[in-house]
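Trainee: Before I ask anything, let me first share the structure, which is written out below as structure tokens.
Rule-based calculations on the coordinates, nothing more; no lab input. Predicted, not measured: the structure shown is a model, and the values here were computed from it. Every residue, glycine among them, receives a Cβ derived from its backbone with ideal geometry; neighbour counts consider all protein chains shown.
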Amino acid sequence: MPPRLSPARVHSFVSIYSCPYSPLGASSSRVYSTCLNSHRQRTCGHSKRTSLQLPGPSNRLGKQRAFHASSVRSAPKDPYQVLGVKKDASPAEIKKVYFSLARKYHPDTNPDKNAQEKFVEIQEAYDILKDEKKRAAYDKYGSASQQPGFDPNAFANASGGFEGFSQFGGFGGFSSRRGGGLGDIFEQLFNTSGGPFTGGRAAAHDVEGNDITASVGVSFMEACKGTARNVEITPVVNCSSCSGTGLKPGAKRSTCATCGGTGEQSYVVSNGFHMSTTCNQCHGTGTVVPRGSQCGTCGGVGQVRMKKTVKVDVPAGVDDGMTIRVPSAGDAPVSGKGRAGDLLVRVRVSPSKVFQRQGANLHHEARIPLHTALLGGRVRVPTLDGDVDVRVPSGTQYGEEMVLKGRGVSSVISGTKGDLFVRFAVQLPRSLTPRQREILQLYADETEGRSNTSKARPHASTSTSTEPASPSGDKKSAETSSENVASEDNGKTAEDDREDQQRKRATA
């Protein structure tokens, strides 16, 4: 007799519609552990994938594959709240608000570390609201309408399913494409087409392979101009010996003994419902590779790792830490059907000794001599396209900037070029020649109001006498005259002293 499940655990399945399996993982029930492991191998489209675990140094792949389901909290935010508009806002109003927020939070113009994350939220919100169908679906079904694989038909005609089923996680009004509303809930929850409450066989859904990561290093100029790099990777590929079947030549697959070839494992709930899950042995195919029939190259897995080189184009304007996605260059899916994963290449950009980068803008410090800063002139400035002559205005101060439009880096988002900001740094001479010192001294004297010209001399009044002078009187008169001259101006020049001496001798 199949194992029976209590209604409380059925409630747990229904109430976590966003495919998070962690609440079930804590259960110690063997039945639920089996269901959980089986459904994790058939993860939904928004789940995060982890890499395959290799069995030692061999190139054969193990049959175990781990998945991690995203939390229900990772649902997209309300686009109306992100843009700050009302639900009845017109497309013109939404567009106006979007462009205003996009300019404000664009990573090329906003240096805030959280600006890029905010810009992505704004873009995602606008992508929903600018599309009439997406907006109508969001208004009707909420964030579930934006999940991968969402089918609005599953929500239509609520009378065809379980009406008033809102007590189970808010699913009021589910309907079935085959008339079983509750069956569609589990079908969307576990990605099964036969329906967990039906006896039909689950369809083998195509899954996507794992993404693989690599890194490349480029110089600053290569990042600004664009380049190409060859990256060596070892992705999972289908085995060439068995073409991905896992069988040796002439062998055939046998019916799965676990599910009996149905590809499903069925469980009976205590209230009479039947629940079906994908078989964890054959992964829904209904067949397995029998013992002794495995391919000698891949060991029956059907896949191996192969080393190959992929050419990666690095676009102009790429910044340090950016990731380049190469579609379908990752691992092949385990089932052998579906699209291969992507190659994610992280770019490491070497710093420049000439430029400092800020978004799409570049900054450069140009050193100019003192006379060029005072009198003006021209200076050679490097750019991404070669050196150019830049005119330096007279009286340029230390730290002043000049903007060269369109001389920056091309933005990988918008394609527009940024600007080059040239900052002037005045170089002062460490030593001066006598001539240079004399010139600067004249400049300093003139600036501070000093002058080297002789001051106006006062005219001393002299009296002439007809009386003959005696020698003693002459000496006394000369001394008095000398004292008077000295008292008139102690700051006279050498020329003035010579004239006084001549005057003294003439008097004597």
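Trainee: Within 10 Å, count the other beta carbons around each residue, average over each peptide in 428-438, 413-423, 295-305, 381-391, and list them highest first.
Mentor: Packing proxy ranking, top to bottom: 295-305, 413-423, 381-391, 428-438.
Trainee: Can you compute 3J(HN,Hα) from phi for each residue in the range 247-258, using the Karplus curve 6.51 cos²θ - 1.76 cosθ + 1.60 with θ = phi - 60°, rounded to whole Hz and x for Gly and Pro?
Mentor: 9, 7, x, x, 8, 10, 6, 10, 5, 5, 6, 6
Trainee: Which residues' amide hydrogens lie under 5 Å from the amide hydrogen of Thr383, considering only partners 5 or more residues apart or on another chain, with H built in the peptide plane?
Mentor: Correct list: Val388.
Trainee: Also: Between Lys130 and residues 5 or more places away or on another chain, which pairs have amide H atoms under 5 Å apart, with H built 1.01 Å from N, and which residues are they?
Mentor: For Lys130, whose amide H was placed from the backbone, there are no distant partners under 5 Å.
Trainee: Please work out the FRET efficiency for the pair Val403 and Thr258, using the Cβ-Cβ distance as r and a Förster radius of 60 Å; give the result to the nearest 0.05.
Mentor: With a Förster radius of 60 Å, E is 0.25.
Trainee: Also, I was wondering about something else. Principal axes first, then extents: for the Cα atoms of the range 313-435, list largest minus smallest coordinate on each axis, whole Å, largest first.
Mentor: 87, 28, 20
Trainee: Where does each of 228-234, 278-284, 240-246 land if you order them by average Cβ count within 10 Å, highest first?
Mentor: 278-284, 240-246, 228-234
Trainee: Determine, for each peptide in 212-218, 250-256, the mean count of other beta carbons within 10 angstrom over its residues, then list the peptides with the highest first.
Mentor: In decreasing order of mean packing, 212-218, 250-256 become 212-218, 250-256.
Trainee: Another question, then. Arrange the following residues from fewest to most other Cβ atoms within 10 Å of their Cβ: Met275, Met306.
Mentor: Lowest to highest Cβ neighbour count: Met306, Met275.
Trainee: For Glu121, Glu448, which order do you get if you count the other beta carbons within 10 Å of each Cβ and list the fewest first?
Mentor: Glu448, Glu121
Trainee: Label-point separation (nm) for Ser431 and Asn230, each offset 7 Å from Cα along Cα-to-Cβ?
Mentor: Label at Ser431, label at Asn230, 5.6 nm between them.
Trainee: Over every pair of different alpha-carbon atoms in the range 356-427, take the mean of 1/r and invert it; report that Kirkwood radius in Å.
Mentor: Radius from the Kirkwood sum: 12.6 Å.
Trainee: In whole Hz, with x marking every Gly and Pro, tabulate ³J(HN,Hα) for the range 381-393 from phi via Karplus 6.51 cos²θ - 1.76 cosθ + 1.60, θ = phi - 60°.
Mentor: Each residue's phi maps through the Karplus curve to give 10, x, 9, 5, 10, x, 6, 9, 8, 10, 7, 9, x Hz.
Trainee: Using r as the Cβ-Cβ distance of Tyr141 and Ser90, and R0 as 25 Å, what FRET efficiency do you calculate, to the nearest 0.05?
Mentor: 0.70
Trainee: Same structure again: For the pairs Lys118/Lys337; Lys118/Lys308; Lys104/Lys405; Lys133/Lys417, note any where the Cα-Cα span goes beyond 28 Å.
Mentor: Long pairs (Cα-Cα over 28 Å): Lys118/Lys337; Lys118/Lys308; Lys133/Lys417.
Trainee: If you stretched the chain out fully between Asn110 and Lys308, how much longer would it get, using 0.36 nm times the residue separation minus the C-alpha to C-alpha distance?
Mentor: Extending this stretch completely gives an extra 67.3 nm.
Trainee: At a Förster radius of 25 Å, what calculated FRET efficiency corresponds to the Cβ-Cβ distance of Val388 and Ser219, to the nearest 0.05?
Mentor: For Val388 and Ser219, the calculated efficiency is 0.70.
Trainee: Using Cα pairs under 8 angstrom and six or more residues apart, how large is the relative contact order of the range 356-427, in percent?
Mentor: Rounded, it is 41 percent for the range 356-427.
Trainee: Related question: Check Leu247: other-chain or 5+ apart residues with amide H under 5 Å from its amide H, H built from backbone geometry?
Mentor: Cys295
Trainee: In percent, what relative contact order does the range 301-383 have, based on Cα pairs under 8 Å that are 6 or more apart in sequence?
Mentor: It comes to 20 percent, rounded to a whole number.
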